[in-house]
Amino acid sequence: MKRIPIPVLLLVMLLFTIIGCSSSQQSANGGTGSSRTIETAKSESKHDVKLRIAWWGGQARHDYTLKLIEMYQQQNPGVKIDTEYAGFDDYWKKLAPQAAANQLPDIIQMDISYLNQYSSKNQLEDLDELTSNGTLDVRSASPETIDAGRIGGKLYGITLGVNAMGATFDAALLKQAGIASIPVNWTWSDLEQIAKRMKGQGKVLDHMRFDQFFPYYLRTHNQHYFSSDGTSLGYSDPQYFIDYFTMYLKWYDAGYMRNWDKESLTKLTPEENPVALGDGFMTMAWSNQFITLQEASNKSLNMIGMPGPNGKQGLYLKPTMLFSISKSSKQKTEAAKFISWFINDLEANKLIHGDRGIPISAAVKEGLKPLLTEADQKVYDYVAWAQLNSSAMDPPDPPGAAEVSKLLRDMQEQILYRKLSVEEAAAKFMNDANAVLAKNKK
Amino acid sequence: MKLRENDHIVGYVFISPFILGFLIFTLFPMFSSLYFSFTEYDLLSAPRWVGLSNYEKMFTDDDKIMDSIRVTLTYVLTSVPSRLIIALLVAMLLNRAVKGIGLYRATYYLPSLIGGSVAVSIMWRQIFGDKGLINAFLDTIGIHTTISWIGYPATALGTLVLLSVWQFGSSMLIFLAGLKNIPGTYYEAASVDGAGPIRKFFHITLPLLSPIILFNLILQTISGFLTFTPAYIISNGEGGPLNNTLLYSLYLFHRAFVFFEMGYASAMAWFMLILIGLITLVIFKTSKYWVHYES
């Protein structure tokens, strides 16, 4: 009889350990930060509503978003929000298994390139009802901005801000080389001339990311990266590929860009950008990256539209990111209220500070005006200019886009290392990418 | 009798964490992955049965998989033998009565302790980067170069092999134990017969050590095939340049977590299992020709 308590005790302890492990359901939380719940001063009061929200970003974004959520909970004592956050790559690797387990967060920060994939698998809620009954108030945003989150007529995400691609450059460096200014309607051959002149000063042009600037080039020729139904590439004449990469290879061989063995290893952070390092005079980037790039460079930078011809046709405004509500959420109305607050509340947007793009609400934009720094102002001016000098965005990327972009990266690499001629790469890319996208035919 | 039954229960209680863990975290995932390998599964929608088509695609319609197998074989065939040779040489050096030998042994073992970790891989990136230690060293001896060893196609895989060789510690420890087991009298007898050090090595050390070599060879070959972290970190997750560091495990990871093709990735995993099984079998079968057991 005396011996029994020991195994019983062990069993009880074991049970406790198992329970202890399983009750903390935090496996889904991101690698770069720990999940936590912010208790407000009124945390003793009963929490009727529990929400989960997930986003990606860097440390600065995590910090202010947590503050935002704290602010929201103070204003809405009945709501308790659990947070999950990670860096961009890890974020998607965590989200997919959650979707598989039918445990997506209520509010999901969504990228336009993944919107199609998640909505087509029936994971996201159509937000039309919530916006039309006013729970999610989008009246202060333009209809085109809202439509960016629409697929097949259904609204799967609310744009949080807009941005546009452009050329960010170090005007002081250009001036030293005798280039006083860049004309607004400049072209690829202007860029070539500038790059040539700057090479004489030992400064390079940053590499242009294949899956963003090749599509831009296609658009300037009234062609597209993906066909509108997403079952093939959007262009059928390999000549566009050949022209773009022949130009690219020519510049690379002339030494206008840094060696690919160095470029291929950078993590594309602002700190590693040649402009920030002082080795480069220009980088093609998104407008919401301008401020962090300027901070990393520690010097004044400028922003101008992309090289043409037909820049207006190539340029487009893009949602920086969106908020979606998962289909499995049991608190859709409450989730919608939070998103509504996020896009419309001026105090909240003072914390966001343009990090999620230019706010979509006209009222918020107006309210923020007195607070803008010089760098903020440049971004605002640029996006305002781009709004008038751009055309409609392409539909969100089809499923398989990630694999196609990896293919394009391989092609660029093999061209620059001279493993494939531009013509061979053009044919191979078209063949392989179309094979990947053909899976979308159903 | 009653006491005995009670003892059994205690035994089961103690072993239950292992059994549960094995069932939940090993056996169940293994068989799920076998099932998924016959399906098309993107994690977001339910798996769809496609029979053998994942396997068919692997062998007929995926040139990258051949690239990755070539890279993996090159990696294993170069890193495992060099690692074992270095481990044996160092073990022989450390098998002497030198002052402070314990400290040496510990120091040489250190790199394997930290293993194929992320931190070491990041350090390797720095050392072989364009502004890294290697280039700085070459600079001091008058060779000026700015190539990035890990970004340059011809040398990228070499840096991974070097990293693997550098972590020879665990094989070395096992060799050391084996060397200690060889009776000194054999060497004395050989000396009396006039054998030199080379003859002693090939006629005493190597044959008596051969079972240990077999053990190390199998262990290192398997772990070589499964190498993932250094390739992932050093190539920025891309397996570049020109897919020269696209180890099989890294490509499998791309398929699973970048392109969301869990079914295909599962098929790849099972193919890898079979491949490793076959190679191990071959090593075992040939071992009777070169492994010497004292009996």
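Nothing in this text is a laboratory measurement; each read-out follows from the coordinates by a stated rule. These figures come from a predicted structure and were not determined experimentally. Glycine gets a Cβ as well: all are built from the backbone with ideal geometry, and neighbour counts include every protein chain shown.
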- prompt: Using the Karplus equation 6.51 cos²θ - 1.76 cosθ + 1.60 (θ = phi - 60°), what ³J(HN,Hα) coupling, rounded to whole Hz, does each residue of the range B:216-224 give in order, writing x for Gly and Pro?
  reply: 4, 4, 5, 4, 6, 5, 4, 5, x
field: Whole-Hz ³J(HN,Hα) from phi, Karplus 6.51 cos²θ - 1.76 cosθ + 1.60, for the range A:324-341, glycine and proline x
entry: 10, 10, 6, 4, 7, 5, 9, 10, 5, 5, 5, 4, 5, 4, 5, 4, 4, 4
- prompt: Residue-wise, which Karplus ³J(HN,Hα) couplings in Hz belong to the range B:146-157, taking 6.51 cos²θ - 1.76 cosθ + 1.60, θ = phi - 60°, and x for glycine or proline?
  reply: 10, 6, 9, 4, 7, x, 9, x, 6, 10, 4, 5
statement: Tilt, helix A:188-199 to longest principal axis of chain A (alpha-carbon atoms), in degrees rounded to tens, equals 90
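Restricting to DSSP H runs of at least four residues, report the calculated mean residue ellipticity at 222 nm for chain B, -39500 (n - 2.57) per run over all residues, nearest 500 deg cm²/dmol. Don't skip to the answer; put the middle values down first.
Numbers: 15 runs with 201 residues, N = 295.
-22000 deg cm²/dmol, from helical runs alone.
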field: Pairs beyond 20 Å (Cα-Cα), from A:Lys196/A:Lys378; A:Lys175/A:Lys312; A:Lys50/A:Lys332
entry: A:Lys196/A:Lys378; A:Lys175/A:Lys312
Across A:Lys93/B:Lys131; A:Lys330/A:Lys441; A:Lys262/B:Lys64; A:Lys67/A:Lys369; A:Lys203/A:Lys299, pairs whose alpha-carbon gap is larger than 27 Å: A:Lys93/B:Lys131; A:Lys330/A:Lys441
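Give the Rg/Rh ratio for the range B:51-111, taking Rg as the radius of gyration of the Cα atoms and Rh as the Kirkwood radius, to two decimals. Don't skip to the answer; put the middle values down first.
Values: Rg = 20.9 Å, Rh = 15.2 Å.
Radius of gyration relative to Kirkwood radius: 1.38.
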- prompt: Label points 7 Å out from Cα along the Cβ direction at A:Ala60 and A:Gln176: separation in nm?
  reply: 2.5
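Starting from 0.36 nm per residue, how many nanometres of slack lie between B:Ile182 and B:Val98 once their C-alpha separation is accounted for? Write down the numbers at each step before the final one.
Numbers: separation 84, 0.36 × 84 = 30.24 nm, distance 1.87 nm.
So the chain would gain 28.4 nm between B:Ile182 and B:Val98.
To check you understand DSSP bridge types, tell me what percent of the beta bridges within chain A (both residues inside) are antiparallel, rounded to 5. Provide the component values of the computation, followed by the final result.
Values: 24 of 38 bridges.
Here the antiparallel bridges make up roughly 65 percent for chain A.
How large is Rg/Rh for the protein assembly as shown, to two decimals, with Cα atoms and a Kirkwood Rh?
On the way: Rg = 30.3 Å, Rh = 29.7 Å.
Using Cα coordinates only, the ratio equals 1.02.
Assuming R0 = 56 Å, can you tell me the calculated FRET efficiency for the pair B:His8 and A:Asp90, based on Cβ-Cβ distance, to the nearest 0.05? All intermediate terms of the calculation are to be shown ahead of the outcome.
On the way: r = 46 Å, r/R0 = 0.82.
That gives a FRET efficiency of 0.75.
What's the magnitude of the charge dipole for the range B:193-295 around its Cα centre, counting Lys and Arg as +1 and Asp and Glu as -1 at the beta-carbon? Answer in Debye, nearest 20.
240
Suppose R0 equals 45 Å. What FRET efficiency, 1/(1 + (r/R0)^6) with r the Cβ-Cβ distance, do A:Lys299 and B:Leu110 give to the nearest 0.05? All intermediate terms of the calculation are to be shown ahead of the outcome.
Details: r = 44 Å, r/R0 = 0.97.
The pair A:Lys299/B:Leu110 has a calculated efficiency of 0.55.
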field: Amide hydrogen neighbours beyond the local backbone of B:Val50, cut-off 5 Å, H modeled
entry: B:Thr39, B:Glu40
- line: Each label sits 7 Å from Cα toward the beta-carbon; between A:Ala427 and A:His224 the label points are separated, in nm, by 2.8
field: Full-stretch length increase - B:Leu52, B:Ser117 - with 0.36 nm per residue and alpha-carbon distance subtracted
entry: 19.8 nm
field: Cα point-scatterer Debye curve for the range A:62-156, base-10 log of I(q)/I(0) at q = 0.10, 0.22 Å⁻¹
entry: -0.33, -1.34
- request: Determine which residues of the range A:278-293 fall in the zone a paramagnetic label at A:Thr269 would reach in this model, i.e. backbone nitrogen under 20 Å from the point 7 Å along Cα→Cβ.
  value: A:278-280, A:283-286, A:288-293
